[in-house]
Amino acid sequence: MANQKSETALVKKVKDIANVMASAGVGFTDYITQLTYILFLKMDAEKEELGLGSSIPEGYKWKDVVDLNGTDLVEKYEEILKDLSEQEGLIGTIFTRATNKIDRPVMLKEVFKMVASENWYMMEGDLKGAIYERILEDNGQDRKSGAGQYFTPRALIKAIVDVVDPKITETVVDPCCGTAGFLLAAYDHMRVQSTEIEKQNYLKNNALFGADNTALVVTLASMNLFLHDIGVNKSPIAYKDSLIETTDDLYQVVLTNPPFGTRPQGSVEVYANRPEFVKTSDNQVNFLQHIMSIVKTGGRVGVILPDSVLTDQGATAKVREKLLKEYNLHTILRLPTGIFYANGVKTNVLFFDKGEPTKDIWVYDYRTGIKHTMATKPMTRDDLNEFVKCYCSGHMEDRKPTYDKDTNPNGRWRKFSEEEVKKNENLDFKWLDLEEKDERTIQEILKDVQSESDGIAEAVAKLKELLGDIEV
Amino acid sequence: MIDTETLRKKIINLAIQGKLTRQLPEDGNAEDLYVRIQEEKAKLINVGKIKKDKSLPAITDDETAFVIPNNWKWVRLGEITDINGGTTPKSNEVSQTGDIPYFKVSDMNAVGNEKLMVHAKHFINSLYTGKIFPAGTIIYPKNGGAALTNKRRVLITDSAIDLNTGGCTPIIIELLNWVKIFLETVDFNDLDTGSNIPTVNATMLKHSCIPLPPLSEQIRIADILDAIFAQIEIIETLQKQFEYDINVLKGKIIEYGLKGKLTKQLFEDGEATSLFEEIQKQDLNLSKVSKTALSVTPDDIPFEIPKNWIWVRLASLYEINPKVEANANDDAAFIPMEKVSPGYTKDFAFEIQKWNIASKNHTKFQNDDVAFAKISPCFENRKSFIAKDLPNGIGGGTTELIVLRQKLVYPDYTYYVISDQRFIDAGSLSYNGIVGQQRVKSDVIKNYLVPLPPFAEQIRIAKRIDDLLCLITKRKTV
C-alpha cells in the first residue's frame with residue numbers, strides 16, 4: 001500500500017539524519033525538537049504557495065532562511081526561533097521557549113535539506129501524523145530521558161480509550177498530556193462516530209484539551225496534533241503546571257498518565273495553591289485530586305497510577321476515601337511490569353465516574369504471570385482484548401466475572417462486592433497464584449541481553465561525557 | 001561488571017574536593033557564605049529555634065584531609081547545621097492522622113521512603129512537647145545497630161522523630177544538598193562511641209570538618225552528581241537484568257541441548273535403543289523398582305525428542321549411590337559440601353584422606369561418577385560435580401549427595417541432565433522434610449524421565465553446551 005511504504009521510507013529518512021546528528025553530539029530529543037520547528041516553517045511556506053495564507057510574520061519565514069549557509073544560517077534560524085516563541089496562538093505554543101540546539105552549520109543545513117526534499121503540507125494528516133508518532137515512540141523507547149518522561153505504550157492508550165469510549169460531542173482533557181498520545185487516540189476514536197461537518201469541526205477545535213509543564217513536550221504535542229489537523233488555528237495544549245494553574249473548567253472525559261515520582265525539589269507547593277486538597281507531596285496523589293476536581297458530574301475518567309496510590313496510608317488514604325465516597329470507582333486494571341521503560345514500576349489503570357459512590361469494584365489482573373519486555377515482547381493491543389471484552393463498555397450491567405473460586409481460580413476478571421471493598425484496608429486486590437515461567441526463546445533472551453548490554457554501554461558513554469577528562 | 005558502589009564513592013570524593021567542577025570567579029567566596037550562615041544562626045538562636053551550643057574550636061591543618069580550592073572554606077559541620085536527637089512521643093500523643101508525621105527508625109525502611117520521608121504511618125498531636133524538626137532535616141538512626149548502616153533520609157515536612165533518630169538541620173535550606181553529599185563520605189562507624197549499643201557521637205559529628213564551596217558551585221556540583229548518578233542507576237538496573245538474563249540463557253541452552261536442538265542427529269550415530277539394550281545387558285544393581293513403575297507411556301512424555309533417541313526413567317539408566325571398592329589405607333579425595341561448586345561449573349576441590357576415613361559414613365564415588373546435592377538450597381543452587389582425577393580414582397564426601405553411575409553414558413551429558421531446569425523443578429517441587437532440612441524425594445529422582453541420545457551425540461551435545469556456556473561467561477565482561 002502506497003501509504004505504508006511512504007511512511008516507512010519517510011521515517012527511515014528522518015532517522016538516518018538522527019544518526020548523523022547523534023554522532024555530532026546532538027541527542028535524539030534535541031534533534032526531534034529542531035526538526036519540529038523547521039518542519040513547521042516549511043509547511044507554512046507550502047501552505048502559502050497554495051494560496052492559503054501564512055501564519056508566520058514576514059522576515060521570519062522559510063524563504064528567509066532556507067538559502068543561507070554557514071553561520072548566517074545559524075544566526076537567522078536562531079533569530080526566527082526567538083521571534084516566533086514570542087508570538088501568540090499556535091505559533092507561540094509550538095515555538096514555546098524555542099532555542100537552537102544544532103549550532104554546527106553543516107548539521108543544521110542537513111536537516112533543512114531533508115525537510116526541503118519533501119512536500120509535507122499536502123500529505124494526508126494520517127500519514128504525517130503517523131510518521132511523527134512513530135518517531136516520538138522510538139524516541140520515547142530509546143532513551144529514558146526521552147521526550148515524554150514515561151512514554152505511555154500506545155497499545156495501552158488505545159485499550160483505555162476503547163473502554164472509556166469518548167463521544168464526538170464530549171470534551172476530553174489530559175492535564176499532563178506529554179506528547180498528546182491520549183488526546184490523539186481519543187480523536188481517532190471519536191471522529192469515526194459522525195460525518196456531520198459541525199461535529200467534526202467541534203471535535204477538531206473545541207473538544208480536546210491538554211497541558212504539560214515541560215516546554216519541550218508542549219512543542220511536540222502541539223506539533224503532533226497539528227500534523228493530524230487538530231488545533232490548526234490554536235493549539236489545544238497549554239504550557240503550564242496543571243496542579244498550580246487551574247481554571248473552573250470541567251470536562252466530560254479525563255484520560256491521563258500523570259508523571260511518576262515526587263514533585264521536584266524547589267517546585268511551587270501544590271497545597272499553597274489548592275487549599276482544598278489533602279496536603280501531600282506525592283505527585284500522583286495530587287494529580288488524582290486534580291483529576292477529581294475537573295471532571296463533570298456524570299463524566300468518566302481513565303487514569304494510570306502506581307501501586308502506592310492504592311496502598312499508602314496517611315494523606316493518600318484520605319484521598320482514596322473521598323474517591324470511593326463521591327465517585328464510582330467501578331474498574332481497576334492491574335498492569336504488568338516491563339511495559340514502561342522505568343524498570344519494575346507497578347501500575348494500574350483506575351476507571352471511575354463522578355456522581356455516585358463506589359459500590360462493587362471489578363478488577364482485571366493483567367499482572368500476575370504476565371511477562372513483557374520493551375525489547376522483545378512489548379504489550380500489544382490484542383493482549384488487552386479479553387479485558388476490553390469483559391469491561392462491557394456502555395453496558396456494564398452485563399459484566400460477568402471469569403474468576404470462580406472453584407472452577408476457575410485463575411480467572412483474571414473478578415468482582416469485589418461493596419462489603420469486600422470496605423473490608424479491604426486499601427485497593428490492592430490480588431488473588432492469582434501463578435507460577436512465573438520464563439517463556440522466552442533463546443533468540444529473544446539474546447536480544448534482551450544485547451539491548452541490556454547496549455544500554456550499559458550507552459550509559460557508560462554518557463558517564464564518560466559527564467566526567468570529561470576527570471580521572472576516576 | 002562495573003562496580004557501581006566503588007564508582008559512586010570515588011565520584012562523591014571528587015565532588016567534595018572540588019575536582020568535579022570548575023571554580024568560577026562569579027561564584028565569589030565561601031567566606032561570605034560562612035558569614036551569612038553565622039548571622040542566620042544567631043537569628044535562630046535569638047528566637048529560640050535552636051539552642052546555643054559551645055563554640056567549636058578552629059580547624060587545624062592536620063584535621064583537613066585534602067586541599068580545597070582557594071575560594072572554599074573548611075568549616076565544622078556543627079557550625080553550619082543544627083544537630084539534635086529526637087524524642088519518642090507517649091502513646092496519647094500519637095494518632096493515625098494529623099499534620100505532623102512522626103518517624104521511628106523503622107519508618108526509614110518503608111517502601112517509598114528510600115530517599116525522602118514521604119510515607120508516614122503515625123502523626124503527633126498537640127500534646128507532644130518534643131522538638132519538631134523542620135522540612136529539610138537530614139535524619140539518621142543514631143542508636144542501635146541501624147546507626148552503623150549509614151542510612152540517611154530527608155524530611156519533606158516538619159516532623160517529629162524518636163529518640164533513636166538524629167536530625168541534622170542545615171542552618172539555611174540552600175545547604176541541604178551539599179550537606180547530604182558530604183555525609184555520603186562519612187562512615188558513622190567511625191563516630192560510634194557506644195560501649196554496648198552502637199551510638200553516633202553527636203559531638204564528634206558536630207566537630208566533623210566539611211569543605212564549604214560557594215552556593216553557586218554547590219548547585220553545579222549537585223547538578224552534575226544528579227546526572228552522573230542517574231546514569232549509574234541505569235547501569236545498575238541493567239547489570240542486574242543482564243545477570244539474570246544470562247542465567248536464564250544458560251538454562252535455555254542446556255534445555256535446548258537436551259532436546260536435541262543444538263546438534264544434528266547423524267545416521268552413523270545409530271539408535272539409542274541399542275545403547276539402552278547394552279546398558280540392560282550389564283549385570284547392574286539398579287534400583288529395585290518394579291517394571292511397571294519404570295515404563296514410559298506417551299502421556300508421560302514432556303516433549304518431542306529426535307527419532308533415534310528414547311525416553312528412559314533415571315532408575316533404569318543409572319546406579320544410584322553404588323558401592324566403591326578400595327583399600328582402607330589408600331589415599332582418597334574427601335569433598336565436603338563447601339568444596340562443591342554451585343551453578344554450571346563441574347569442578348570441586350578436595351582434601352586427601354585415607355579411604356577408611358573418607359568413606360566411613362560418607363557418600364562414596366569414583367572417577368566418572370556424577371554427584372549432586374540432594375538438600376535445599378544446595379540442590380536449587382546446582383551444587384554438583386563430575387568426579388575426575390581423584391587420587392586412586394576414589395573419593396568420599398558429604399552425606400547430602402546423590403551419586404549416579406553409568407559407564408555407557410557420557411558423564412558430561414549426565415551432568416547436564418541433572419543441571420537442567422526441568423530436573424531442578426521436579427526435585428524441588430517434591431521436597432520432603434521440614435524447612436531447613438528439605439531433601440529431594442528419591443522416588444521423584446528414580447522416576448525422572450531422561451532423554452537419551454546415542455553415545456556419539458551425547459558427546460557432541462555436552463561439548464556444544466560447554467562451548468556455548470564458556471562463550472557466554474567470557475562475554476559477560478561488558
Per-region count, segment B:225-267, residues assigned to a loop (DSSP other than H, G, I, E, B), buried (at least 18 other Cβ atoms within 10 Å of the Cβ) and at the interface with chain A (Cβ under 10 Å from one of its Cβ atoms): 1
Residue in segment A:33-44 that is free of Cβ contacts under 8 Å to residues at least 24 places away in the same chain and either more than 28 Å from the chain's Cα centre (by Cα) or open to solvent by less than 50 Å² (accessible area, probe 1.4 Å) (or both) present: yes
Count - residues of segment A:92-117 that are free of Cβ contacts under 8 Å to residues at least 40 places away in the same chain and more than 17 Å from A:M21 (Cβ to Cβ): 1
Selection from segment B:186-202 of residues that are touching a strand residue (DSSP E or B) at 6+ places or on another chain (Cβ under 9 Å) and among the hydroxyl-bearing types (S, T, Y): B:T193, B:T199
Strands (runs of 3 or more DSSP E) completely within segment A:208-288 that count 3 or more residues being crowded, with 23+ Cβ neighbours inside 10 Å and free of Cβ contacts under 8 Å to residues at least 40 places away in the same chain: A:208-212
Single condition A:T99 does not satisfy, out of (1) of a type outside the set (K, R); (2) touching a Ser or Thr at 6+ places or on another chain (Cβ under 9 Å); (3) over 19 Å from A:S222 (Cα atoms); (4) in a loop (DSSP other than H, G, I, E, B): (3)
Some residue of segment A:416-432 being touching a residue at least 40 places away in the same chain (Cβ under 8 Å) and within 13 Å of chain B (Cβ to nearest Cβ): yes
Qualifying residue in segment A:24-31 (condition: open to solvent by less than 40 Å² (accessible area, probe 1.4 Å) and at positive phi): no
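One line per residue, one yes/no per condition, for (1) within 14 Å of another protein chain (Cβ to nearest Cβ); (2) not hydrophobic (A, V, I, L, M, F, W, C):
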residue	(1), (2)
B:L77	no, no
B:T88	no, yes
B:P101	yes, yes
B:A110	yes, no
B:E114	yes, yes
B:I139	no, no
B:N150	no, yes
B:N164	no, yes
Of all residues making up segment A:427-438, the number that are under 28 Å from A:V164 (Cβ atoms) and open to solvent by less than 30 Å² (accessible area, probe 1.4 Å): 3
Single condition B:A456 does not satisfy, out of (1) over 31 Å from the mean Cα position of the chain (by Cα); (2) part of a loop (DSSP other than H, G, I, E, B); (3) of a type outside the set (D, E): (2)
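Which residue, of A:T29, A:T99, A:T8, is modelled with pLDDT under 90, under 30 Å from A:K240 (Cα atoms) and polar (S, T, N, Q)? Before the answer, list the steps.
On the way: A:T99 fails: modelled with pLDDT under 90; A:T8 fails: under 30 Å from A:K240 (Cα atoms).
Of A:T29, A:T99, A:T8, the one residue that is modelled with pLDDT under 90, under 30 Å from A:K240 (Cα atoms) and polar (S, T, N, Q) is A:T29.
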Residue within segment A:300-307 that is open to solvent by 10 Å² or more (accessible area, probe 1.4 Å) and within 14 Å of chain B (Cβ to nearest Cβ) present: yes
Residues satisfying the stated conditions in segment A:383-409, i.e. in contact (Cβ under 8 Å) with a residue 40 or more places away in the chain, within 19 Å of A:D165 (Cβ to Cβ) and not polar (S, T, N, Q): A:L384, A:F387, A:V388, A:Y391, A:G394, A:M396
Test: residue in segment A:296-306 that is more than 25 Å from A:D248 (Cβ to Cβ) and touching an Asp or Glu at 6+ places or on another chain (Cβ under 8 Å): no
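Residue-wise test of (1) exposed (fewer than 15 other Cβ atoms within 10 Å of the Cβ); (2) modelled with pLDDT of 95 or more.
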{"position": "B:V324", "(1), (2)": "no, no"}
{"position": "B:K364", "(1), (2)": "no, yes"}
{"position": "B:D412", "(1), (2)": "no, yes"}
{"position": "B:V417", "(1), (2)": "no, yes"}
{"position": "B:G436", "(1), (2)": "yes, no"}
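Would you check if A:K63 is surrounded by fewer than 16 Cβ atoms within 10 Å (Cβ to Cβ), of a type outside the set (G, A, S) and either assigned to a loop (DSSP other than H, G, I, E, B) or modelled with pLDDT of 90 or more (or both)? Explain how you work it out, then say what you get.
Working: surrounded by fewer than 16 Cβ atoms within 10 Å (Cβ to Cβ): yes; of a type outside the set (G, A, S): yes; either assigned to a loop (DSSP other than H, G, I, E, B) or modelled with pLDDT of 90 or more (or both): yes.
Answer is yes for this residue.
Looking at segment A:103-114, is at least one residue at pLDDT 80 or above and acidic (D, E)?
The initial filter retains those residues of segment A:103-114 that are at pLDDT 80 or above, namely A:103-114.
Of the ones still in play, those that are also acidic (D, E) are A:103, A:110.
For segment A:103-114, residues at pLDDT 80 or above and acidic (D, E): present.
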Among (1) in contact with a helix residue (DSSP H, G or I) (Cβ under 9 Å, 6 or more places away or on another chain); (2) under 23 Å from A:V164 (Cα atoms); (3) open to solvent by 30 Å² or more (accessible area, probe 1.4 Å); (4) not acidic (D, E) - the single one A:T441 does not satisfy: (2)
Positions within segment A:65-102 being among the charged types (D, E, K, R) and at negative phi, in sequence order: A:D67, A:D72, A:E75, A:K76, A:E78, A:E79, A:K82, A:D83, A:E86, A:E88, A:K101
Filtered residues of segment B:268-285 (kept if among the charged types (D, E, K, R) and assigned to a loop (DSSP other than H, G, I, E, B)): B:E271, B:D283
Cross-chain or 6+ apart pairs with Cβ under 7 Å, segment B:398-426 first and closer than 17 Å to B:F348 by Cβ, then in a helix (DSSP H, G or I) and of a type in the set (V, I, T): B:I402/B:I445; B:L404/B:T414; B:Y416/B:I254; B:Y416/B:I465; B:S419/B:I254
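Given the criteria modelled with pLDDT under 90, more than 10 Å from chain B (Cβ to nearest Cβ) and either farther than 29 Å from B:I234 by Cβ or surrounded by 11 or more Cβ atoms within 10 Å (Cβ to Cβ) (or both), does A:N385 qualify? Even if it seems obvious, please write down each step before you answer.
On the way: modelled with pLDDT under 90: no; more than 10 Å from chain B (Cβ to nearest Cβ): yes; either farther than 29 Å from B:I234 by Cβ or surrounded by 11 or more Cβ atoms within 10 Å (Cβ to Cβ) (or both): yes.
Considered against the rule, which asks whether it is modelled with pLDDT under 90, more than 10 Å from chain B (Cβ to nearest Cβ) and either farther than 29 Å from B:I234 by Cβ or surrounded by 11 or more Cβ atoms within 10 Å (Cβ to Cβ) (or both), A:N385 comes out as no.
Is it fair to say B:I320 is in contact with a Ser or Thr (Cβ under 8 Å, 6 or more places away or on another chain), open to solvent by 30 Å² or more (accessible area, probe 1.4 Å) and aliphatic (A, V, I, L, M)? Write out each step before concluding.
Working: in contact with a Ser or Thr (Cβ under 8 Å, 6 or more places away or on another chain): yes; open to solvent by 30 Å² or more (accessible area, probe 1.4 Å): yes; aliphatic (A, V, I, L, M): yes.
So B:I320 passes the test.
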One residue from B:T129, B:T157, B:T165 being among the hydroxyl-bearing types (S, T, Y), under 30 Å from A:V345 (Cα atoms) and modelled with pLDDT of 90 or more: B:T157
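Determine which member of the set B:F188, B:F182, B:F103, B:F123 is surrounded by 19 or more Cβ atoms within 10 Å (Cβ to Cβ), over 16 Å from B:N84 (Cα atoms) and either under 24 Å from the mean Cα position of the chain (by Cα) or touching a residue at least 60 places away in the same chain (Cβ under 8 Å) (or both).
Values: B:F188 fails: over 16 Å from B:N84 (Cα atoms); B:F103 fails: over 16 Å from B:N84 (Cα atoms); B:F123 fails: either under 24 Å from the mean Cα position of the chain (by Cα) or touching a residue at least 60 places away in the same chain (Cβ under 8 Å) (or both).
Exactly one residue qualifies, and that residue is B:F182.
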Of the criteria (1) more than 14 Å from every other protein chain (Cβ to nearest Cβ); (2) surrounded by 21 or more Cβ atoms within 10 Å (Cβ to Cβ); (3) without any contact (Cβ under 8 Å) to a residue 40 or more places away in the chain, which one A:N328 fails: (2)
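Of the residues A:K158, A:K144, A:K167, which is part of a loop (DSSP other than H, G, I, E, B), at pLDDT 85 or above and open to solvent by 40 Å² or more (accessible area, probe 1.4 Å)?
Details: A:K158 fails: part of a loop (DSSP other than H, G, I, E, B); A:K144 fails: at pLDDT 85 or above.
It is A:K167.
The values are calculated or read from the model by the stated rules, or taken from the named source; none is laboratory data. In this text, all values refer to a predicted model and were calculated from it rather than measured experimentally. When we count neighbours, we look across all protein chains shown, and the Cβ atoms used for this are built from the backbone with ideal geometry, even at glycine. Note: accessible area is taken over every heavy atom of the protein model, side chains too, but ligands, DNA and RNA are not part of it. Shrake-Rupley method; radii C 1.70, N 1.55, O 1.52, S 1.80 Å.
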